Amino acid sequence: MLLRSSMPPALPKDEKHLLFYQELYEKSNKIYAYIGEWHTHPENIPNYSYIDENNWKKIGRIMNGGNQYHIIVGIMEIGIWLYNADLKIIRKVSSIEWKRIEQDETFY
């Protein structure tokens, strides 16, 4: 998941995040790596947007391929997409309807 970082201001925010993760990946002996991100959409059944797709492709180019998982939380459903940057394919791998999530009453 993406975190805010303090990278050089000349880079766009997404590139700052990616450089942060590339550096973390190298410094951790390739243990920690970018696997994806999450955000919300103000729609009942979320779908990725043109902006999302472009960002995922850009991340794939900068990270030299691989798989990314992206979670989009909507009003009635949570969707999970896989972007394969090597094949440039996006596919929805799962969705969860909010009403099917059981709430543990003892938690509240």
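Readers should treat all values here as calculations from the given coordinates under stated rules, not as data from a laboratory. Since the structure is predicted, the reported quantities are computational estimates derived from the model, not experimental observations. All Cβ positions, glycine included, derive from the backbone under ideal geometry; neighbour counts span all protein chains shown.
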Quick one: Debye curve from the C-alpha atoms of segment 31-97, no solvent, what's log10 I(q)/I(0) at q = 0.11, 0.13, 0.21, 0.28 Å⁻¹?
-0.24, -0.34, -0.81, -1.24
Whole-number percent relative contact order across segment 31-97, with pairs defined as alpha carbons under 8 Å at least 6 apart
32 percent
Cut-off 14 Å between beta-carbons: net charge of the residues surrounding Ile80, Lys and Arg +1, Asp and Glu -1
-2
GluC sites (Glu not before Pro) restricted to DSSP loop in segment 37-93 with at most 16 other C-beta within 10 Å:
Glu43
